[in-house]
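Every number here is computed from the coordinates shown, using simple stated rules; none is lab data. Note that the coordinates shown come from a computational prediction; the quantities given were computed from them, not determined experimentally. So basically every Cβ, Gly included, is an ideal-geometry build from the backbone, and we count neighbours across all protein chains shown.
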Amino acid sequence: MKAVKVEKSKAQPVIEMLRAKGLFDYSRQINFGKDFFVIPVLSSKGLKGLELVEARLKKRIRKARTLFEALKDKMNAKELEALPRAFDTIGDIAIVDIPAELVKKEALIGKALLELNRHIKVVAKKVGVHTGVYRTQKLKVIAGEKRKETVCKENNILLKLDVEKCYFSPRLSTERKRVADLVKKGEAVLVMFSGVAPYNCVIAKNTLAKSVYGIEINPSAHKYGLENVKLNKLNNVHLYCGDVRKVVPSLGMKFDRIIMPLPKSASEFLDVAALAAKDKVVVHFYEILDIRDFPGKCVAEIKKHFPRAKLLNAVKAGDYAPGMIRGCVDFMV
Ligand SMILES: C[S@@+](CC[C@H](N)C(=O)[O-])C[C@H]1O[C@@H](n2cnc3c(N)ncnc32)[C@H](O)[C@@H]1O
């Protein structure tokens, strides 16, 4: 094939000129020699003054950038159409939804995801949805290392967890930052339903809160919560394993701020929050609901237990399903 041989020190402007003239052959690789570069060209026309040679240059292999590109020669059109467009990552684990028609190709999809994203070491597929009191989700590893434990980073902290045994959503990191930014110096904060302690760690690490309490019923999540407190070298986080309804009254404490991230049934615990609230408490109350009912439905629930509640803010903390959101109402009493 045709090529231009040029001194290494003069190669860059020649490459640019060839590209500008549409003569650069993108299907072949440049041979980067010690003193000379051999540059593939489509034609020798208009290249007076340059040394033209015949050369054997390797084919350029363009790396796939999307699942579609990576699998386009290995799947039919219907399968390609059904490929997942997005996936969540927690640390180095990718969590992906595999549609029923692609189950037989899941190993192929997993392998492609590993190749596309060097930082991913495990690909796990969702087997069902978040269920039960612990809000956990069954997962099956379809490619990479056989593990479900990982460490992820967010808001200046590290969080270690087993993605199957504990609830954790990386999509809520912005919401955790929003709440942490509201915490004032010296506050006593309570995180009901603390999970692996993301709220506790983000608040303790990034604010001047006096103390950050957390209560979690799932023993596995609680165990990781304790590890995360150590991992982030925090000394004002106090975690308890048990039911909020029993543990909060047993603490005999009052709090300046109460966070209630149990979006499907937080309203059942508003009476417990009322017991632990200081005068001028700020509560962050989460609910999953139809966007048309937000924040009206939340405010109605809140008023049953806090009739003097003053609404501070109502934010959409994330999408849940078509038309359904995870809303947060901040209120003060
Ligand atoms: C939606 S997750 C939120 C976890 C964590 N706050 C986060 O943002 O990652 C709700 C958590 O509440 C816990 N939980 C459910 N009912 C509880 C209760 N009555 N007392 C304490 N924890 C509870 C679940 O085990 C789960 O870890």
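What distance in nm separates the two pseudo spin-label positions at Lys121 and Ser43, each 7 Å out from Cα along the beta-carbon direction?
It works out to 5.3 nm between the two label points.
Compute a Gaussian network model of the chain, connecting alpha carbons closer than 10 Å, and tell me which residue from Ile291, Ile203, Ile215 fluctuates the most.
Ile291
For the residue pair Asp35 and Ala82, what label-to-label distance in nm results when each label sits 7 Å from Cα along the Cα-to-beta-carbon direction?
Reported label-point gap for Asp35 and Ala82 is 6.1 nm.
Given a Förster distance of 25 angstrom, what is the FRET efficiency for Asp290 paired with Leu312, based on the Cβ-Cβ distance and rounded to 0.05?
Numbers: r = 22 Å, r/R0 = 0.89.
Working from the Cβ atoms, E equals 0.65.
Cα centroid distance between region 108-129 and region 168-186, in Å?
Rounded to whole Å, the Cα centres lie 28 Å apart.
Relative to a virtual label point 7 Å from the Cα of Thr131 in the Cα→beta-carbon direction, which members of region 70-107 show backbone nitrogen distances below 19 Å?
Inside the label zone: 96-100.
Let me know the charge dipole size of region 167-332 about its Cα centre in debye, to the nearest 20, where only the beta-carbon of Lys, Arg (+1) and Asp, Glu (-1) is charged.
Numbers: 26 positive and 16 negative charges, 90 e Å.
Charge dipole of region 167-332: 440 debye, to the nearest 20.
Sort region 19-113 into rounded, prolate or oblate with this rule: let a ≥ b ≥ c be the square roots of the eigenvalues of the Cα gyration tensor; rounded if a/c is under 1.5, and if a/c is not under 1.5, prolate when a/b is larger than b/c, oblate otherwise. Could you put the intermediate results ahead of the total?
Numbers: a/c = 3.76, a/b = 2.78, b/c = 1.35.
In terms of gyration-tensor shape, prolate.
First measure r as the distance between the Cβ atoms of Glu16 and Asp279, then evaluate 1/(1 + (r/R0)^6) with R0 = 45 Å and state the FRET efficiency to the nearest 0.05.
Efficiency, from the Cβ-Cβ distance: 0.05.
For region 2-54, just say rounded, prolate or oblate: build the C-alpha gyration tensor, square-root its eigenvalues into a ≥ b ≥ c, call rounded for a/c under 1.5, and beyond that prolate if a/b exceeds b/c, oblate if not.
Verdict is rounded for region 2-54.
For region 103-175, what does the relative contact order come out to in percent, with C-alpha contacts under 8 Å and a separation of six or more?
Relative contact order here is 24 percent.
Please find, in a Gaussian network model of the chain (springs between Cα atoms separated by less than 10 Å), the residue of Ala77, Ala197, Ala277 whose mean-square fluctuation is greatest.
Maximum fluctuation in the GNM of the chain, among the listed residues, is at Ala77.
Under 8 Å for C-alpha pairs, at least 6 residues apart: give me the relative contact order for region 53-177, rounded to a whole percent.
The value is 20 percent.
Which distance in nm do the two modelled labels at Ala321 and Lys59 give, with both placed 7 Å along the Cα-to-Cβ direction?
Reported label-point gap for Ala321 and Lys59 is 4.8 nm.
Can you give the relative contact order of region 274-333 as a percent, counting alpha carbon pairs under 8 Å and 6+ residues apart?
Computed over region 274-333, the figure is 47 percent.
Would you mind counting up the charge near Lys310? Only other residues with Cβ under 12 Å from its Cβ, with Lys and Arg at +1 and Asp and Glu at -1.
+2
Ranking request for peptides 322-332, 247-257: highest mean number of other beta-carbon atoms within 10 Å first, then the rest in descending order.
My ranking of the peptides, most packed first, is 322-332, 247-257.
Counting helices only, and only those DSSP H runs with n ≥ 4, report the 222 nm mean residue ellipticity of the chain as the sum of -39,500 (n - 2.57) divided by its residues, in deg cm²/dmol to the nearest 500.
It lands at -7500 deg cm²/dmol.
Quick check: from the Cα gyration tensor, does region 225-333 come out rounded (a/c under 1.5), prolate or oblate?
Working: a/c = 2.01, a/b = 1.35, b/c = 1.49.
It is oblate, given that a/c is not under 1.5 and a/b is not larger than b/c.
If you plug each phi of region 228-239 into the Karplus form 6.51 cos²θ - 1.76 cosθ + 1.60 with θ = phi - 60°, what whole-Hz ³J(HN,Hα) values come out, in order, with x for Gly and Pro?
For region 228-239, the Karplus-derived couplings read 5, 4, 5, 4, 9, 6, 9, 10, 10, 9, 10, 10 Hz, x marking Gly and Pro.
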